[in-house]
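See structure below.
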Amino acid sequence: MTFRQFAYRNVLRNRRVYAAFFMASVFSVMVFFLYSMLLFHPSIENTFLKEISTLGMGIAEIILFIFTLFFLFYSMRAFLQARSKEFGVLLLLGMAKRQLHRLIFIETMLLGFASIISGIFLGFMFSKFFFMIVKAIVQIPVLPLYLSWKPFVLTMGAFLSLFAIISYIAPVFIQQGQVSDLLNGDMAVQSVYSYSKSRGIFGVVLLLLAYAMAAFVSRSSIISLFFLLPPLLTVGTYYFFTDTLPLVLHALRRQKKIFWRDFWMISISESIVRLKENARMFFIVTIVSTIAFMSVGILASLTSFASQYREVNPLGLIYKSLPHNDYEYQHIAKLTNELDQQGLDYWAVRFRVLEQQSSYTKNKVNIVKLSDLNELAATFGEKPLSLQSGHALFLPATAAAANQLSTESVNTELADSSVSLEIEGVYPYKLFPPNALGLNTIVVNHLDFDRIEEQAGVDALAFNYYAFNVRDWQETREIGLSIHAQVLAGLMLEHRDPVRYEFENPGLNYSHIRMTFSLLLFIGLLLAGVFFLASGSFIYFRLYTSLSYDRRQYAVLQRIGMTDREFTKIVNRQLIPQFFFPWGVSFIHSVFAFMSLQVIWDALAEISIVKELALVLAGFALMQIFYFYLIRWRYISHIKAPTS
């Protein structure tokens, strides 16, 4: 038997230990390959999707590569520690350390090469299904399966280099010392985890401080929290697992009514001992799970914005013409002709918006006519309103402003026209997107409007606002593209004369937003799947490193008469905290982070993301429960399996 054959048989003999490592590696390679297939797809070379895929897939592949590198380092360390007795026997039989390092290098590269080939094969098999999902998300005509060398070379090059790095550094993870230390393996005496009471309290204080800041964050302080909360949560979480938990467990051990009861003595004592190695693992699982929750939660909140886009933007098309705009009537005629050619039903209302200075606030105020608002409101099925002369209503820019102004009552005189008004109440219908007619706008009846315009003169006109209510508003993607291009060109190029008009097509904007957010969510779900699988695998690996020790414990407990049912209870009391406690901490982290995220969305678009985030967390909870029962079943079966 050659040296390479010996390495190959070693891999086969330890296939149970390497199973989770291999599966996670294959899944990472498969996701990376799918990203690469979309990144190099010829059908999106000159489309809007190309920019999204290049940015989204590129960032996702970088994150996936870095995380996989860290994940494989941790996994390889756990496996090599579990095989310390085997390495001790080989060294005792005369194997040189250089040969041992070569053996580990060959084994790791064999696993890596098998993972790469399997991941690429599965990725290519699922590419057509992947493209079908992407096609449905972005609504492009065709996204066929293709064959190109670029995704294969990128994936193989990235992961071959990754496994080569790990294979070269892996021998460092072998326990240093005498051969006797390796032969003892996990039989070495485990000392009780030492902890600091002050650090334990400090960790809780940091977490509570971070939670309080996230819960009571305001719009003005949200930016600073982006830089402050992550380090607070990270340091607080680390001290929580390394010092706070041992502090709590030792306090429980002093409570005789709890500790000296049934099998709690075994469960609590074993938990205290295992914290020596598992504290850092708990910390890693918590941070990885939090990243998975947050990545999907943030992207789900973006899709929430897309789903509520129509409520925020009730109009189909918007054209705003400033004074001295020579293209106003030409553009409006073009828009109506294009709407008629596509057979879209629409209603167009023109608003003349006047600008005056309020003597009450000394600020500029925009004025619109109630009859124009009634005409637009009728297209939405709303009833017309009436106003007496000398009275006005606030037209709030946002929903938050509507709540503030609903109880306000102001008596003012318009300085430019000397018209006195009593402003009380808020216009009840939401007909415009936020800030459409200005931050400070009021509604008057037609008599007051004509009087203001007559006395103030032509300079009172601020702008003309054309509101198009289109029933099939998502079908307006092709309407006004030339006007939209002219607006963009005017913003990007330097002209002597400034652009005197603005144009907005919510249907076109929505198609881009929905396409972008949906694709990013899909990318994030695959990436979070890798994080989720890895977080459970960390616990799985840790269980396997102490499998021989746990088998001996089970044999002793079986000799003293413990039943399988009682043993399952002990396993549950040990595994449930190990599996669900880090996940529970990450769940709490995510909930408070989402509270801060809600503040951001309130400031940007005044939408609620509670429903989407609840679905995200509930979905992760169900997957975590399924993953727990799967790992528990495998763990118990290995514990009860006869040793060879």
Quiz item: What distance in nm separates the simple spin-label points at Leu622 and Lys334, each placed 7 Å from Cα in the Cβ direction?
Solution: 5.0
Exercise. Return the FRET efficiency for the residue pair Val248, Arg477: r is the Cβ-Cβ distance, R0 is 35 Å, and the value is rounded to the nearest 0.05.
Key: 0.05
Practice problem: With r as the distance between the Cβ atoms of His324 and Met125 and R0 = 60 Å, compute the FRET efficiency 1/(1 + (r/R0)^6) and round to 0.05. | Solution: 0.45
Self-check item: Under 5 Å, built H, 5+ apart or other chain: amide partners of Val419
Solution: Leu414
Quiz item: What list of ³J(HN,Hα) values in whole Hz, one per residue of segment 228-243 in order, does the Karplus curve 6.51 cos²θ - 1.76 cosθ + 1.60 (θ = phi - 60°) give from phi, with Gly and Pro shown as x?
Solution: 9, 5, x, x, 4, 5, 5, 5, x, 5, 5, 5, 4, 7, 7, 10
Quiz item: Applying 1/(1 + (r/R0)^6) with R0 = 22 Å to the Cβ-Cβ distance of His484 and Asp345, what FRET efficiency is obtained, to the nearest 0.05?
Solution: 0.50
Quiz item: If amide H atoms are built 1.01 Å from N in the plane of the peptide, which residues on other chains or at least 5 residues away come under 5 Å of the amide H of Asn14?
Solution: none
Exercise. Give, as ranges by residue number, the residues of segment 217-249 whose backbone N falls under 20 Å from the point 7 Å along Cα→Cβ of Ser198.
Key: 235-248
Exercise. May I ask you to list the trypsin sites (Lys or Arg not before Pro) in segment 353-424 that are in a DSSP loop and have at most 13 other Cβ atoms within 10 Å of their Cβ?
Key: Lys362
Quiz item: Residue-wise, which Karplus ³J(HN,Hα) couplings in Hz belong to segment 91-101, taking 6.51 cos²θ - 1.76 cosθ + 1.60, θ = phi - 60°, and x for glycine or proline?
Solution: 5, 5, 7, x, 5, 6, 4, 4, 5, 4, 4
Quiz item: In sequence order, what are the phi-derived ³J(HN,Hα) couplings for segment 329-334 according to the Karplus relation 6.51 cos²θ - 1.76 cosθ + 1.60 with θ = phi - 60°, rounded to whole Hz, with x for glycine and proline?
Solution: 6, 5, 5, 5, 5, 5
Quiz item: Sorted by average packing, counted as other Cβ atoms within 10 angstrom per residue and highest first, what order do 506-519, 22-35, 395-408 take?
Solution: 22-35, 506-519, 395-408
Quiz item: So what's the gap between the Cα centers of segment 418-439 and segment 513-544, to the nearest angstrom?
Solution: 47
Quiz prompt | Estimated inter-spin distance, Arg552 and Tyr146, nm [label 7 Å along Cα→Cβ] | solution = 6.0
Quiz prompt | Segment Leu208-Ala399, length gained on full extension (0.36 nm per residue, minus Cα span) | solution = 65.5 nm
Self-check item: For Ala462, distant residues with modelled amide H under 5 Å away
Solution: Val353, Leu354, Glu355
Quiz item: Just how many pairs of Lys in segment 312-511 have C-alpha atoms closer than 29 Å, counting pairs that are eight or more places apart or on different chains?
Solution: 13
Quiz item: Gain in length, Phe65 to Ile588, computed as 0.36 nm per residue apart minus the alpha-carbon separation, to one decimal in nm?
Solution: 185.5 nm
Practice problem: Work out, step by step, the length gained on full extension between Asn509 and His101: first 0.36 nm times the residue separation, then minus their alpha carbon distance; give nm to one decimal. | Solution: 141.1 nm
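Laboratory data are not the source of any read-out in this text; all were calculated from the coordinates shown. These numbers were taken from a predicted model, which means no experiment stands behind them. Reconstructed Cβ throughout: ideal geometry from the backbone, glycine too, with neighbour counts over all protein chains shown.
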